[in-house]
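Enquirer: A single structure is presented below for examination.
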Amino acid sequence: MRLLYLLNISNPGRLSADSGFTVAELLLPALADRGVEITFAAPARVTDERVFFERTTPPVTKYRTRFGPELDKLVAMVRRARPDVLVVNHTETAPAVRAALLEAGSDAVVAGYCHYLPFSVTDHGVEAVHADAARTSFPNNTFDIVTARMRNRYH
């Protein structure tokens, strides 16, 4: 499976303070361990060298990060990465990302997440990514929903 992970960093000067970067730093190695081919599109790379890095330019403000997608660049990136799944860390960007997928002729699944939703990855692969119920009060398990769609589509 090929995954394109779009990370819009709100704190490019302080990556340790950016929750989206922290989630990517933890999640992407676990997915790479399970054989997922990952393209990480962000202003800064994660430490895992198995993750292909495509540098993006951080927007000038945190508002443009969320509401100012550059569609031409997104379309070109989708065509290069050819993802089966595309992850967005700001759900506000999902409509523009979906438009870019359509323009690129891609049928990739768009997945988003809640920055502060604790998760765990088990030895059973990508279909076993689960929210940690002990640490969250969310009524719906976001990761189960996403991985169920992925499982139904690719198995």
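The values are calculated or read from the model by the stated rules, or taken from the named source; none is laboratory data. As the structure is a computational prediction, the values presented were derived from the model and not from experiment. Note: ideal-geometry Cβ built from the backbone for every residue, glycine included; neighbour counts use all protein chains shown.
Enquirer: Identify, from the list 28, 4, the residue that is touching a residue at least 40 places away in the same chain (Cβ under 8 Å), under 30 Å from residue 105 (Cβ atoms) and under 16 Å from the mean Cα position of the chain (by Cα).
Expert: 4
Enquirer: As an exercise: evaluate residue 55 against (1) at pLDDT below 90; (2) under 21 Å from residue 23 (Cα atoms); (3) touching a Pro at 6+ places or on another chain (Cβ under 8 Å) and give the number of the one condition it does not meet.
Expert: Single failed check for residue 55: (1).
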